[in-house]
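Reviewing the structure listed below.
Read the figures in this text as sums done on the coordinates, not as results from a lab. Treat the numbers as computed from the prediction; the structure is a model and nothing was measured. For neighbour counting, all protein chains shown are included, and Cβ atoms are generated from backbone atoms with ideal geometry for every residue, glycine included.
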Amino acid sequence: MNQQEKMHDIIGVGVGPFNLSLAALLDEIDEVDSLFFEQNDKFDWHPGMLIEGTKMQVPFIADLVTMADPTNKYSFLNYISKNERMYQFYFLQRLDIPRREYNDYCQWAAHQLPSCQFSHRVIDVQHIKDNEEYFNVAVLNLKTDETNVFKTRNLIMGTGSVPVMPKSFKGLPDEDVFHTADFLSYQDGCRNAKSVTVVGSGQSAAETFRELLKEQRDCGFRLDWITRSPGFASMEESKLSLEHFSPDYVNYFYQLPQEKKDEIFATQGLYYKGISNHTINDIYNLLYEYSVGQEELDAGLQVLSEVKDIQPKADGSGYELTCFHWQKKEEFKHESDKVIVATGYKPYVPDFVHQLEDFIEWDEEGRYKVEEDYRLKKKQPASNEIYVHSGISHTHGVGSTNLGLSVHRNKVIINHLLGREVYPLPKKSIFQSFTV
């Protein structure tokens, strides 16, 4: 283990869109020495769901830098220009962009940022009180198997989220029962199956079902979609509703008591967990087209039904799902060769963060406490800070994972890090008021 003597101003753990945005903005600020470590060998944003035809749910202006500095060289428009696609994009006449293009754009930016180090896993963090206070960050180079320890005054956590699989779905062959996060990896197996079932009702479930529905008639498999929700609900996408993804609403929400925050957040699912209108329309249009001249479609959409258990069939020909219709209080069985689980994600908190329990505060629900400016609350005074991007929905609300707020959050973090207003923050950015 090699100790590096250089003192950095900030080290980032993880390189997803939020930390990549911070790295891009800091790249043009000479007075900040930053490093960002990512265990994957390259930037890849939800690679299992980079389905052709899917598009971003935020406009391209919500790129890595534009909301802070439209002239920054890491802007999406500069990416378009450098790749000689300006006229194609101009004629596209769309604010939204393909999801695959957003991923390619981020890879383009990451490749140019020397502060972003891939194939490097942060394995430990310790707060040191010596002649000066700092963090020791142990980083494993996955290519050389060498561990180096870096010094930094501050940390920024951008560890993102991980797929959630219910217990009943675990322990089964990955190629048969898998999360939507791995869809593209196992799509070929679905094409060759006799039956495929999607479980869940959010955007990922809908996009997976739509992609399978496109291929169903050529491949010949039975396709089903099961959800415990009352229906396949549309995301709330009206323009005034979108103002919940604004700095104004974040500021309002943060000031509320935690009990009230939890109560409100539990009612806001359709702001971020519903299905986009265009996806629902695509699915309905396909179903309608397929129904022409057919007595019955080889596809089913089942609502109000929770999958309680899944077991391999005795003859080895797929799986039996035990389902429960919770309004009628009736149990029923469903068989399928492949089962794709769309049960969402949860914030990923590395083990080493829990080892800092003497440094940071946690609430009674086991969530870390977060200051308004995205610093973890400390148990005792210290000159060092841990800023955080993920796992803050309970403190900062429904927009915490929204890419449209990533640059604003990084403006707040940079201003605090440097102790001055590098980036002005708007006093009012929306038409409606959430407070009096």
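A compact table of results
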item: Among beta bridges that DSSP assigns inside the chain, antiparallel share in %, nearest 5; result: 50
item: Under the Karplus curve 6.51 cos²θ - 1.76 cosθ + 1.60, θ = phi - 60°, whole-Hz ³J(HN,Hα) for the range 48-65, x wherever Gly or Pro sits; result: x, 10, 7, 7, 4, x, 7, 9, 5, 9, 10, x, 4, 5, 7, 8, 6, 9
item: Fewest-first sequence of His278, His8 by Cβ atoms within 10 Å of each Cβ; result: His278, His8
item: Taking Leu50, Leu256, Leu22, Leu405 and counting other C-beta atoms within 10 Å, the order from fewest to most; result: Leu256, Leu50, Leu405, Leu22
item: Net charge contributed by nearby residues that have their C-beta within less than 14 Å of Tyr74 (K/R +1, D/E -1); result: -3
item: Under Karplus coefficients 6.51, -1.76 and 1.60, residue-wise ³J(HN,Hα) of the range 282-290 in Hz, glycine/proline x; result: 4, 5, 5, 4, 5, 4, 5, 4, 5
item: The range 297-436 shape via C-alpha gyration tensor axes, a/c threshold 1.5; result: prolate
item: Pairs from Lys167/Lys338; Lys194/Lys346; Lys151/Lys378; Lys151/Lys377; Lys55/Lys377 whose Cα-Cα separation, in the structure shown, is over 26 Å; result: Lys194/Lys346; Lys55/Lys377
item: Among Ser201, His46, Ile11 the positive-end extreme of the charge dipole of the chain (Cβ point charges); result: Ser201
item: Shape category assigned to the chain from the gyration tensor of Cα positions, a/c cut at 1.5; result: prolate
item: Assigned charges on the beta-carbon of Lys, Arg, Asp, Glu; the chain dipole about Cα centre (debye); result: 620
item: Label-point gap, in nm, between Asn415 and Thr71 - each point 7 angstrom along Cα→Cβ; result: 2.1
item: Charge tally in the Cβ shell below 13 Å around Gln4, where Lys, Arg are +1 and Asp, Glu are -1, Gln4 excluded; result: -1
item: Prolate/oblate/rounded call for the range 57-111, Cα gyration tensor, a/c under 1.5 rounded; result: rounded
item: Cross-link pairs beyond the 28 Å C-alpha cut-off, checked among Lys239/Lys329; Lys82/Lys427; Lys170/Lys273; Lys273/Lys379; Lys6/Lys42; Lys42/Lys260; result: Lys239/Lys329; Lys82/Lys427; Lys273/Lys379; Lys42/Lys260
item: 5 angstrom amide H check on Val370, placed H, neighbours 5+ away; result: Lys377
item: 5 angstrom amide H check on Ser229, placed H, neighbours 5+ away; result: Leu304, Ser305
item: Cα point-scatterer Debye curve for the range 1-81, base-10 log of I(q)/I(0) at q = 0.11, 0.21, 0.22 Å⁻¹; result: -0.39, -1.13, -1.20
item: Computed helical MRE - 222 nm, the chain, DSSP H runs ≥ 4 contributing -39500 (n - 2.57), nearest 500; result: -8000 deg cm²/dmol
item: Rough spin-label spacing in nm, given labels placed 7 Å along Cα→Cβ, for Asp358 and Glu331; result: 5.1
item: Antiparallel DSSP beta bridges within the range 25-144, as percent of all bridges there, nearest 5; result: 75
item: Cα-based helix-to-principal-axis angle, 99-112 vs the chain, degrees rounded to 10; result: 30
item: Residue-by-residue Karplus 3J(HN,Hα) for the range 184-201, coefficients 6.51, -1.76, 1.60, Hz, glycine and proline x; result: 5, 5, 10, 5, 4, x, 5, 4, 9, 7, 8, 8, 9, 10, 9, 10, x, 9
item: Within-14-Å neighbourhood charge of Tyr290 [Cβ basis; K, R +1; D, E -1]; result: -3
